[in-house]
Amino acid sequence: MADIGLVGLGVMGSNLALNMAEKGYTVAVHNRTTSKIDTFMQNAGPLAERLVPCKTVGELAAAITPPRPVVIMVKAGSPVDEEGAKIAADLARGDMLIDAGNANFHDTQRRVKEFTAQGFDFIGMGVSGGEEGARHGPSIMVGASEPAWKRVEKIILDISAKFDGEPCAALMGPDGAGHFVKTIHNGIEYADMQMIAEVYGIMRDGLGMSPEEMADVFAKWNEGRLKSYLIEITGKVLEAKDPDTGKPMVEIILDTAGQKGTGRWSAIEAQDLGVPATVIEAAVAARGLSAQREFRLAGEKLFGAADTAIGDALGDRATTLDALEQALLAGKIAAYAQGFAVLSKASEEQNWNLPLATVAKIWRAGCIIRSVFLDDISRSYSASGSIENLMMIEPFTGWLKATEANLRKVVSAGLLKGIPMPALANALAYFDYARTGRTTANLLQGQRDFFGAHGFERTDKDGEGFHGPWAMGPG
Ligand code: 6PG
């Protein structure tokens, strides 16, 4: 009999099933298009002996030892509801559905209610790490009740990535907590990727560097404080040649970015929670702008392309590259500070009690944003318990102090030359706000009071609801 079932043999599902089989679990597998099951089994090699192919959901249910856990790995959105209902029809009370896709956490909260009412356990499980991760160890963010988690904890820890032997999987909290944490992971992923792309823009358009030269720079950065999966693969992408033309692959790839929704959701949730996540928002918007190619091409014709050469505005080549590396580090600190602030606020609002130190820990390996930087964050969270804002604690405060000037120089150099740098510029603005004791919002408050009698607080008296001396005439 199988220990667990898995429905949805796409790239992620197939690899997750193989991962579980490799760790010694017997997995019953099913896919709606049944020809995929045959192909999957043919390619499973020796692991096939721990995989039970099932042509129908009924067969799948019959193949698993009750109470049955069944992983659903289908496209996020309505397919989860459709497949979930289909599977549930063949399951018994006490069985468990585990949605391992990139679900919107609001959907997960709804599904938990719906399936719990029918007597099932429903787990929303965020899985990060792409194809490789799914196969050999992803980072796994679980939303479940304690008893449900206990039932599947061992298998989830077994299949997860390990950092210094510690599993990169954990219970985040109940219902939608796991999918929420995964959503914010992706928001940070968008920010990280966009900031790297902006620095690439300075190197390509500002400095006229070749992809090969840039690949070397990223490889070098990957030995320092920026060491991370995203920096590593950036170097590899820049270094690759197109087999058809022999040209650098990156030059052939069309400059319009896709997105499936998680980055956008993280920006929406941040807005809903009232937490400024401007670097993440800028990264989402930048993808949107990249996708508006016709608009950009028309604009380039109309306004003329910017003369983007920055020459030695940032110093000689070595100094310039140092400045770029430091700008990225400063931007990264701001972006992660925002992401963690969103998690912290959501935890409060939803009563999730999210274990933020653990979040940082399980992001150290397996996931797309894995990096030594997350090890730094995890150490700070473990040491300090609760953190108001990442920028305000060591070592990040010290690093910001040391890198802020270069972030400012890089952003200024880019902006002066018409190189768009929305994410880094927003990181800088966030930092500047963070150290501005007196903002200009006194004027906004005056305006609000002028046109809407919204009232304001005074600097010299306690209380609220004060009004200015403006005449409140008609209009
Ligand atoms: C991961 C990735 C993964 C995927 C997303 C992002 O953590 O493994 O984030 O979930 O790549 O689908 O995709 P988009 O860039 O298409 O939004």
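The values are calculated or read from the model by the stated rules, or taken from the named source; none is laboratory data. Fair warning: this is a prediction, and the values are worked out from it, not measured in the lab. Glycine gets a Cβ as well: all are built from the backbone with ideal geometry, and neighbour counts include every protein chain shown. Keep in mind that these areas ignore ligands, DNA and RNA; they rest on the heavy atoms of the full protein, side chains included. Shrake-Rupley method; radii C 1.70, N 1.55, O 1.52, S 1.80 Å.
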What number goes with the only condition from (1) within 16 Å of the ligand (Cβ to nearest atom); (2) farther than 18 Å from residue 180 by Cα; (3) surrounded by fewer than 22 Cβ atoms within 10 Å (Cβ to Cβ); (4) of a type outside the set (S, T, N, Q) that residue 93 does not pass?
(1)
Segment 364-395, subset within 16 Å of the ligand (Cβ to nearest atom) and part of a loop (DSSP other than H, G, I, E, B), residue nearest to residue 338 (Cα to Cα):
369
How about segment 364-405: which of its residues are buried (at least 20 other Cβ atoms within 10 Å of the Cβ), among the aliphatic types (A, V, I, L, M) and at pLDDT below 95?
387
Looking only at segment 63-76, count how many residues are in contact with an Asp or Glu (Cβ under 8 Å, 6 or more places away or on another chain) and exposed (fewer than 15 other Cβ atoms within 10 Å of the Cβ).
3
Select, from 304, 258, 246, 274, the only residue that is more than 18 Å from residue 421 (Cβ to Cβ), within 16 Å of the ligand (Cβ to nearest atom) and surrounded by fewer than 15 Cβ atoms within 10 Å (Cβ to Cβ).
258
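Restricting to segment 409-422, name every residue that is out of contact with any Asp or Glu (no Cβ under 6 Å at 6 or more places or on another chain) and open to solvent by less than 70 Å² (accessible area, probe 1.4 Å).
If we filter segment 409-422 for residues that are out of contact with any Asp or Glu (no Cβ under 6 Å at 6 or more places or on another chain), which is where we start, we get 409-418, 420, 422.
410, 411, 412, 413, 414, 417, 418, 422 - these are the residues of segment 409-422 that are out of contact with any Asp or Glu (no Cβ under 6 Å at 6 or more places or on another chain) and open to solvent by less than 70 Å² (accessible area, probe 1.4 Å).
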Looking only at segment 11-34, which residues are surrounded by fewer than 23 Cβ atoms within 10 Å (Cβ to Cβ) and among the hydroxyl-bearing types (Ser, Thr, Tyr)?
25, 26, 33, 34
Report every pair of residues separated by at least 6 positions or lying on different chains whose Cβ atoms are under 7 Å apart, first residue within segment 72-96 and within 13 Å of residue 6 (Cα to Cα), second among the hydrophobic types (A, V, I, L, M, F, W, C) and open to solvent by 40 Å² or more (accessible area, probe 1.4 Å).
73/12
May I ask you to verify whether residue 190 is away from the ligand (no atom under 11 Å from the Cβ), surrounded by 20 or more Cβ atoms within 10 Å (Cβ to Cβ) and of a type in the set (Phe, Trp, Tyr)?
no
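Go through segment 12-26 and give me each residue that's farther than 13 Å from residue 100 by Cβ and either more than 30 Å from the chain's Cα centre (by Cα) or of a type in the set (A, V, I, L, M, F, W, C) (or both). If you could, list the steps in order and put the result at the bottom.
Kept after step one, since they are farther than 13 Å from residue 100 by Cβ, are these residues of segment 12-26: 18, 21-26.
Scanning segment 12-26 gives 18, 21, 24, 26.
If a residue counts only when it is free of Cβ contacts under 8 Å to residues at least 12 places away in the same chain, which helices (runs of 4 or more DSSP H) contained entirely in segment 273-361 have at least 3 such residues? I'd like the intermediate steps shown before the answer.
On the way: elements: 278-291, 293-303, 317-350.
In segment 273-361, the matching helices (runs of 4 or more DSSP H) lie at 293-303, 317-350.
Where in segment 108-217 are there helices (runs of 4 or more DSSP H), lying wholly inside it, with at least 3 residues that are in contact with a helix residue (DSSP H, G or I) (Cβ under 7 Å, 6 or more places away or on another chain)?
On the way: elements: 130-136, 146-159, 177-201.
Fully inside segment 108-217 and qualifying: 130-136, 177-201.
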Enumeration of residues in segment 372-393 that are farther than 17 Å from residue 160 by Cβ and touching a residue at least 60 places away in the same chain (Cβ under 8 Å)
372, 373
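Based on this model, can you work out whether residue 251 counts as touching a residue at least 12 places away in the same chain (Cβ under 8 Å), open to solvent by 70 Å² or more (accessible area, probe 1.4 Å) and more than 16 Å from the ligand (Cβ to nearest atom)? Show your work before the answer.
Details: touching a residue at least 12 places away in the same chain (Cβ under 8 Å): yes; open to solvent by 70 Å² or more (accessible area, probe 1.4 Å): yes; more than 16 Å from the ligand (Cβ to nearest atom): yes.
Yes: the conditions hold for residue 251.
Only residues that are in contact (Cβ under 8 Å) with a residue 40 or more places away in the chain and more than 9 Å from the ligand (Cβ to nearest atom): list them for segment 133-152, please. Spell out how you get there, then give the answer.
Applying the first criterion (in contact (Cβ under 8 Å) with a residue 40 or more places away in the chain) to segment 133-152 yields 133-141, 148, 151-152.
Passing the criteria: 135, 136, 137, 140, 141, 148, 151, 152.
When you check residue 197 against the structure, is it within 14 Å of the ligand (Cβ to nearest atom), on the phi < 0 side of the Ramachandran plot and either in contact (Cβ under 8 Å) with a residue 12 or more places away in the chain or open to solvent by 20 Å² or more (accessible area, probe 1.4 Å) (or both), yes or no? Outline the logic, then answer.
Numbers: within 14 Å of the ligand (Cβ to nearest atom): yes; on the phi < 0 side of the Ramachandran plot: yes; either in contact (Cβ under 8 Å) with a residue 12 or more places away in the chain or open to solvent by 20 Å² or more (accessible area, probe 1.4 Å) (or both): yes.
Yes: the conditions hold for residue 197.
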Would it be correct to say that residue 79 is under 22 Å from residue 183 (Cβ atoms), open to solvent by less than 10 Å² (accessible area, probe 1.4 Å) and within 16 Å of the ligand (Cβ to nearest atom)?
no
Single residue of 83, 22, 49, 59 found to be touching a strand residue (DSSP E or B) at 6+ places or on another chain (Cβ under 6 Å) and charged (D, E, K, R):
83
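Name the residues in segment 97-131 that are open to solvent by 50 Å² or more (accessible area, probe 1.4 Å) and either free of Cβ contacts under 8 Å to residues at least 12 places away in the same chain or away from the ligand (no atom under 14 Å from the Cβ) (or both), would you?
Kept after step one, since they are open to solvent by 50 Å² or more (accessible area, probe 1.4 Å), are these residues of segment 97-131: 102, 106, 110, 113-114, 116-118, 131.
If the condition is that a residue be open to solvent by 50 Å² or more (accessible area, probe 1.4 Å) and either free of Cβ contacts under 8 Å to residues at least 12 places away in the same chain or away from the ligand (no atom under 14 Å from the Cβ) (or both), then 106, 110, 113, 114, 116, 117, 118 are the ones that fit.
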